[in-house]
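In what follows, a structure is listed as structure tokens, so that the remarks can point back to it.
The values are calculated or read from the model by the stated rules, or taken from the named source; none is laboratory data. A quick note: this is a predicted structure, and the numbers were derived from the prediction, not measured. For neighbour counting, all protein chains shown are included, and Cβ atoms are generated from backbone atoms with ideal geometry for every residue, glycine included. All accessible areas refer to the heavy atoms of the entire protein, side chains included, with ligands and DNA or RNA removed. Shrake-Rupley method; radii C 1.70, N 1.55, O 1.52, S 1.80 Å.
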Number of protein chains: 4
Amino acid sequence: MQTRAMVQTAPRKLELRSLPVPEIGDDDALLRVEACGICGSDCEQFAGVLPIPLPVIPGHEPLGWIERIGPSAARRWGVKEGDRVVVEPILSCGRCKTCTSGMRHLCFGGGRGFRCYSYIPLTTPPGLWGAYADVMYLAAETVVHKIDGAVPPELAVLYNPLGAGFRWAGEIGGVREGDSVVVLGPGQRGLACVLAAKRAGAAAIVVSGLARDREKLSLAREFGATRTVVVDEEDISSVVFDVTGGEGADVVLEVTSYALEPIAQTLTLARRGGTIVLAGVKGMKEVPGFVSDRAVLKELTIRGALGVTSSAFRAAIDLIESRDVDLSRMHTHSFPLSRADAAIRTLAGEFEDERAIHCCLLPALG
Amino acid sequence: MQTRAMVQTAPRKLELRSLPVPEIGDDDALLRVEACGICGSDCEQFAGVLPIPLPVIPGHEPLGWIERIGPSAARRWGVKEGDRVVVEPILSCGRCKTCTSGMRHLCFGGGRGFRCYSYIPLTTPPGLWGAYADVMYLAAETVVHKIDGAVPPELAVLYNPLGAGFRWAGEIGGVREGDSVVVLGPGQRGLACVLAAKRAGAAAIVVSGLARDREKLSLAREFGATRTVVVDEEDISSVVFDVTGGEGADVVLEVTSYALEPIAQTLTLARRGGTIVLAGVKGMKEVPGFVSDRAVLKELTIRGALGVTSSAFRAAIDLIESRDVDLSRMHTHSFPLSRADAAIRTLAGEFEDERAIHCCLLPALG
Amino acid sequence: MQTRAMVQTAPRKLELRSLPVPEIGDDDALLRVEACGICGSDCEQFAGVLPIPLPVIPGHEPLGWIERIGPSAARRWGVKEGDRVVVEPILSCGRCKTCTSGMRHLCFGGGRGFRCYSYIPLTTPPGLWGAYADVMYLAAETVVHKIDGAVPPELAVLYNPLGAGFRWAGEIGGVREGDSVVVLGPGQRGLACVLAAKRAGAAAIVVSGLARDREKLSLAREFGATRTVVVDEEDISSVVFDVTGGEGADVVLEVTSYALEPIAQTLTLARRGGTIVLAGVKGMKEVPGFVSDRAVLKELTIRGALGVTSSAFRAAIDLIESRDVDLSRMHTHSFPLSRADAAIRTLAGEFEDERAIHCCLLPALG
Amino acid sequence: MQTRAMVQTAPRKLELRSLPVPEIGDDDALLRVEACGICGSDCEQFAGVLPIPLPVIPGHEPLGWIERIGPSAARRWGVKEGDRVVVEPILSCGRCKTCTSGMRHLCFGGGRGFRCYSYIPLTTPPGLWGAYADVMYLAAETVVHKIDGAVPPELAVLYNPLGAGFRWAGEIGGVREGDSVVVLGPGQRGLACVLAAKRAGAAAIVVSGLARDREKLSLAREFGATRTVVVDEEDISSVVFDVTGGEGADVVLEVTSYALEPIAQTLTLARRGGTIVLAGVKGMKEVPGFVSDRAVLKELTIRGALGVTSSAFRAAIDLIESRDVDLSRMHTHSFPLSRADAAIRTLAGEFEDERAIHCCLLPALG
């Protein structure tokens, strides 16, 4: 059997190939890919700024059906052929100190370095380590979650950004009923944070963005934001102090990409004893204006947020399956597999007229 | 290659056999057993009261050296041939909701039921699932921890009961500096709770036992108990209220075996807002005198304690390696492999003159 | 100035009196009572089964306006005359170990015993310690929370049972997105647990009641219960195992009054690693069938729940003010002050035809 | 009755005065000061860099005996005349959201701003708000803790820095058995962190200082540091990676004063998933080199640490009373009340030959 796959061979270069589908054994499986979500790190991988060996099949946000599965994997994962599942990106070893301390999503275990779907090259057998493909290989360390077959694929595949929202706003930020929350950045993950914060009962949610983000800010309001701020035009601090009676916010989430100023700003926006979640990456740049005394004097908690836990993925799936929220405006663009580069470039904002929030590949489209 | 192993073929019947040592693959290993600790569940297994298929090789508290290991396992587990390690008993799947919620030690994953060394029969290949042997098989799901080669084996093998102490008193009980702690039952796990409570800074530790437990109670005092109570002679409640100024204890640990009365008593001994840890099993018997309103009116937290987490095993190893505490009086009896039945019966108290606290097998003895 | 107050002089005997309103000082206040909620403990106090000295003014769920306040209290409490507030029942000392350990709602501090509005007799100056009155005294230790003036009083006064819901299901039970929850007992506090569990994102909520509770169970479904069980007709265990795929529920809340059987049942209904919240009081009776091994083998957490924290009251007020949920069916009966006995007896179910969920006094009615 | 007090009237100016001792009421008390500890903020207050109104009696680390107490305070605080106590510095309102959220030590409640002994001016009746005196006033909001009368005063008064150690390393840092810990800065609070980390079972404790800190580093080793680093001579990163097998430390505590570089360094020294505690103040200066991506990619938790909780003070008192550790080398200088300026200047390092770690006033000396 052969499968189509989009293989990255150089920065900004993806090519469609036909590759052999491997035999599986007792403890692994194959996924028939139904959809693959695209996120900011797909854009970085495409641009070639991540240190990933080539050639490689990208794609680490898969939704699909179990095509074939070994008996041991079926027992351990609790699924059978034909089940519709989403797949966690990280291949954790399960045995190192990080894993056995409950931080499986940060595993660098067993001297293997960080193992994640889409970052393992084609030359590592069996090669099909990414979801830009019709069929993807699932190794023994995979964690999958079943998802309701009736949810349209472009909404089901939102499990990944929504999982980040539940992880960042809920598990790391600890938002709870009545809290005031600030979300800096209205991208797909910022919007997911709004949804998770609202779902946790936040009383006030302030979301900031740029003038060009007006549609995203409108969607933020639909998802529960009580106030949006265009930072080109309005001072976010004034708004936050106004909303919180001068106290500052209980939880501040920084989810902008590459903007350096918001980091120092979070220290001002948070209330005494408040929590700041840093999730936006900055290309390893030094951030200006960081006055650590603000963190000391207010006893702030500042938490870096990178990965998503299984519990957060389960929460996302629960929200999707509940149909309590209309998620359709969050998904903006679907592409056939062969147009993966267009999907990435659309999300990256390379096309003037396309205001993307969430893009995905649907192999069924071609 | 062949290995000796003690095989249980019927209740109270162990026989020495020579069995073939299997080939290993990429992701498993063999352990050269140096010592195997014996605990209460070994006694239950020997007596035949646990529903374990026979024939089986018992022994789930192994200490030993990595004899052979596959390259993948070596990477994932972070060990190589010749390393001295202890082995966790539970073979968790790592993929089910229990595992991915951080309760790996409670895994019943993948429809396989509970998987634990010593409880998998000889008929499940490769058969060598227990540590009453010279060589033991280590499957891919195994978690091992390195331990200092200079610690005598009969002390190193205390990692298992000490791990329970750190789990029960520390992680579950939450004992911290200045706390008042009650330990009901001075067996090896009760003593381990005393050590862990002392290590966490408990200011007052009251330990109860029977008249026949005087030596154990003496050792409890050596390990940090500030008061011991012979319950045949003295009222534990009076002592606890006296010690705590009438408030009750911050943490109460129930680690007696088969005594039913102490369960209801814990509700009285704990202070308002206090924590009770239930670790002593009672043969599925109903306990008398349980007045749930005491738990409500004092807002008690009652937590069942069964397994031991990786972090607690690491804490135990740290205590052993630190040599801060003289553990030698805790270990009382060592036996050759061929006398496993004597080891079990000694711990079970079947021999009038032997006051055992901790017993182990040392295959090197014969 | 005089105030009307309903004074309890004997079991089941309340009489309307006119009492002098005291002067206040720097650090106390007077409340103009707008409404007072009635709960199960009002029924117990009325019946005379609680050890409360008489005569006394009952009522510990007040809603009202600050009538007068000393300057120090105004600063500390953050309110001024005319503000609409709810009042926490417990008068905690703020200085004892219980208070300074974050369990202020359990304070027995300073040798004064437990101090709570409605339980301090008329003979302790200034006497007006209960909310069955037009005016109530607020001592220096009082905690108040502002509440939106536009919410009708019979809904605003639901802050007390709703606060219990957020405390019991949320803070103690730890319900979160995707959890399966069982609520045993559909009274006002059971319904509040349903609301709080739904609000926290519970995916499945099973609520049990008796045949006579059909209206309450219907309301439970309106509030988010996914399944209700009439225990006279159906086996709750079968339902819970069916709903949870045989695993048992993540969180089980016991909020029945005086039924003894459900306590042991909770041990069966909870999943491995699950949480049980005991909030229903049983008249200090021993409960039958308590097999502690179930708690051990499943590593259950069982937590007694008595009081309500400030954070839970704030969550309740947030829910009320959000108007996200129509709470009007939860409130069933309003009474004038002079008919406090009818309010209590209605809630207690003494009148055949009245199916009460929540009752309150509205002094404005007479 | 009159009392001596050292009154600060201008920056670097303290004068001895005789002041009237006030009458007390029902809910306040007087303390006969036995000792007052001096810390870095005493130095700042003396220098005039803190915005504190003058004239004022400094001193917020008192040890003493209850001289007189009102009946209500006696009940609430659980003490009587003649009891030896230590006094918490913060006068929290107990009613605001910060207080009722369990962060009483951060209270700015009731519009009164931050209230702390030694920062309330002489002009606010009754004026005796500081412990540089024979007698000090204790207001109703005071929290006191009893301490064993047999401990020498210069050791008993260590409760304050030791409390910070338990708060910062234990409660905020979460150090536990087996952890690797880095303490940047070997002052009195750095040493207290070493003690608390050791007491919590840390396996490796690396402490850094300057060449002039050699005596402090020697004491750090006595208190449990497994490795000390003179940062003028050795690279702390190399040492920490060496000690931790290349992983980085579980917990990094920054307790230097006014050094800006260590803040960014903490991000490098902490392991994936590790915790950083920021306790050293930097005069509100921006810190250089802060690369926030390190916090994101390693999912670090960074927590500001300012105050000390009641539970941490209790832990400190427990350690002092246990006599498990010889604390005498930690205390270096005692002064009579009249030489408060010398005490402060000694701690501040103004005298070439005096290597101070901890200084205190003992009014009995004159």
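Yes/no per residue for (1) within 30 Å of residue B:195 (Cβ to Cβ); (2) open to solvent by 20 Å² or more (accessible area, probe 1.4 Å); (3) among the hydrophobic types (A, V, I, L, M, F, W, C):
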residue	(1), (2), (3)
D:206	yes, no, yes
D:220	yes, no, yes
D:238	no, yes, no
D:268	no, yes, no
D:284	no, yes, yes
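Restricting the search to the range A:12-22, which residues are more than 12 Å from residue A:136 (Cα to Cα) and open to solvent by 70 Å² or more (accessible area, probe 1.4 Å)?
If the condition is that a residue be more than 12 Å from residue A:136 (Cα to Cα) and open to solvent by 70 Å² or more (accessible area, probe 1.4 Å), then A:12, A:13, A:16, A:17, A:18 are the ones that fit.
Find the strands (runs of 3 or more DSSP E) located wholly in the range B:12-102 whose residues include 3 or more that are small (Gly, Ala, Ser), and list them.
Of the strands (runs of 3 or more DSSP E) lying wholly inside the range B:12-102, those with at least 3 residues that are small (Gly, Ala, Ser) span B:29-38.
May I ask you to list the residues in the range B:163-177 that are assigned to a helix (DSSP H, G or I), touching a Lys or Arg at 6+ places or on another chain (Cβ under 9 Å) and more than 10 Å from chain D (Cβ to nearest Cβ)?
B:163, B:164, B:165, B:168, B:169, B:172
Take residue B:57 and decide whether it is in contact (Cβ under 8 Å) with a residue 40 or more places away in the chain and away from chain A (no Cβ under 14 Å).
Yes, satisfied.
Just the residues that are in contact (Cβ under 8 Å) with a residue 60 or more places away in the chain, farther than 23 Å from residue C:76 by Cα and open to solvent by 10 Å² or more (accessible area, probe 1.4 Å), please, taken from the range D:80-93.
D:83, D:84
For the range B:327-335, indicate whether the set of residues that are out of contact with any Pro (no Cβ under 9 Å at 6 or more places or on another chain), of a type in the set (D, E, K, R), more than 14 Å from chain A (Cβ to nearest Cβ) and in contact (Cβ under 8 Å) with a residue 60 or more places away in the chain is non-empty.
Among the residues of the range B:327-335, at least one is out of contact with any Pro (no Cβ under 9 Å at 6 or more places or on another chain), of a type in the set (D, E, K, R), more than 14 Å from chain A (Cβ to nearest Cβ) and in contact (Cβ under 8 Å) with a residue 60 or more places away in the chain, which makes the answer yes.
Give me the residue from the range C:56-77 that is open to solvent by 40 Å² or more (accessible area, probe 1.4 Å) and out of contact with any helix residue (DSSP H, G or I) (no Cβ under 6 Å at 6 or more places or on another chain) and, out of that set, farthest from residue C:359 (Cα to Cα).
C:71
Out of all the residues in the range D:245-255, which are at pLDDT below 95 and either touching a helix residue (DSSP H, G or I) at 6+ places or on another chain (Cβ under 7 Å) or not charged (D, E, K, R) (or both)?
D:245, D:246
Of everything in the range A:119-158, what is over 20 Å from residue A:73 (Cβ atoms) and in contact with a Cys (Cβ under 9 Å, 6 or more places away or on another chain)? Give them in sequence order.
A:132, A:153, A:154, A:157, A:158 - these are the residues of the range A:119-158 that are over 20 Å from residue A:73 (Cβ atoms) and in contact with a Cys (Cβ under 9 Å, 6 or more places away or on another chain).
So, residue A:358, is that one away from chain B (no Cβ under 14 Å), touching a Pro at 6+ places or on another chain (Cβ under 8 Å) and in contact (Cβ under 8 Å) with a residue 40 or more places away in the chain or not?
Details: away from chain B (no Cβ under 14 Å): yes; touching a Pro at 6+ places or on another chain (Cβ under 8 Å): yes; in contact (Cβ under 8 Å) with a residue 40 or more places away in the chain: yes.
Judged against the criteria, residue A:358 is a match.
Report every pair of residues separated by at least 6 positions or lying on different chains whose Cβ atoms are under 6 Å apart, first residue within the range A:290-319 and within 14 Å of chain B (Cβ to nearest Cβ), second part of a strand (DSSP E or B) and open to solvent by 10 Å² or more (accessible area, probe 1.4 Å).
Going by the 6 Å Cβ cut-off, the qualifying pairs are A:313/A:145; A:317/A:145.
With the condition kept exactly as written, say whether any residue in the range D:190-198 is small (Gly, Ala, Ser), buried (at least 24 other Cβ atoms within 10 Å of the Cβ), in a loop (DSSP other than H, G, I, E, B) and touching a residue at least 12 places away in the same chain (Cβ under 8 Å).
no
Based on what the data block shows, is residue A:151 closer than 20 Å to residue A:59 by Cα, aliphatic (A, V, I, L, M) and open to solvent by less than 20 Å² (accessible area, probe 1.4 Å)?
No, not satisfied.
Mind checking which residues of the range C:95-106 are within 12 Å of chain D (Cβ to nearest Cβ) and open to solvent by less than 10 Å² (accessible area, probe 1.4 Å)? Steps first, answer last, please.
In the first step, residues of the range C:95-106 are kept if they are within 12 Å of chain D (Cβ to nearest Cβ); the result is C:95-105.
Once the filter is applied, which keeps residues that are within 12 Å of chain D (Cβ to nearest Cβ) and open to solvent by less than 10 Å² (accessible area, probe 1.4 Å), the range C:95-106 yields only C:98.
If a residue has to be under 17 Å from the mean Cα position of the chain (by Cα) and either open to solvent by less than 10 Å² (accessible area, probe 1.4 Å) or modelled with pLDDT of 95 or more (or both) to count, how many in the range C:46-55 make the cut?
Of the residues in that region, 1 qualify.
Would you mind stating whether residue B:33 is at pLDDT 95 or above, closer than 16 Å to residue B:144 by Cβ and open to solvent by less than 20 Å² (accessible area, probe 1.4 Å)?
Yes; evaluated as a whole, the condition is true for this residue.
Would you confirm, using the coordinates I've provided, whether residue C:9 is modelled with pLDDT of 95 or more, open to solvent by less than 40 Å² (accessible area, probe 1.4 Å) and at negative phi?
no
Residue pairs, Cβ under 8 Å, 6 or more apart or interchain, first in the range A:257-286 and on the phi > 0 side of the Ramachandran plot and facing another protein chain (nearest Cβ under 8 Å), second in a helix (DSSP H, G or I) and of a type in the set (S, T, N, Q). List them.
Sorted first by the residue in the range A:257-286, then by its partner, the pairs are A:273/D:98.
Name, by its number, the condition in (1) under 26 Å from residue D:36 (Cα atoms); (2) in contact with a Phe, Trp or Tyr (Cβ under 7 Å, 6 or more places away or on another chain) that does not hold for residue D:150.
Failed condition: (2).
Please specify each residue of the range A:107-119 satisfying the condition of being surrounded by fewer than 21 Cβ atoms within 10 Å (Cβ to Cβ) and either hydrophobic (A, V, I, L, M, F, W, C) or under 30 Å from residue A:338 (Cα atoms) (or both).
Passing the criteria: A:108, A:114, A:115, A:116.
Going residue by residue through the range B:201-218, is there one that turns out to be modelled with pLDDT under 95, hydrophobic (A, V, I, L, M, F, W, C), outside any helix (DSSP H, G or I) and under 24 Å from residue C:301 (Cβ atoms)?
no
Scan the range B:287-300 and tell me whether some residue there is hydroxyl-bearing (Ser, Thr, Tyr), buried (at least 24 other Cβ atoms within 10 Å of the Cβ) and not in a loop (DSSP other than H, G, I, E, B). Write out each step before concluding.
If we filter the range B:287-300 for residues that are hydroxyl-bearing (Ser, Thr, Tyr), which is where we start, we get B:292.
Filter once more, keeping what is buried (at least 24 other Cβ atoms within 10 Å of the Cβ): B:292.
So of that shortlist, the ones also not in a loop (DSSP other than H, G, I, E, B) come out as B:292.
Yes, the conditions are met somewhere in the range B:287-300.
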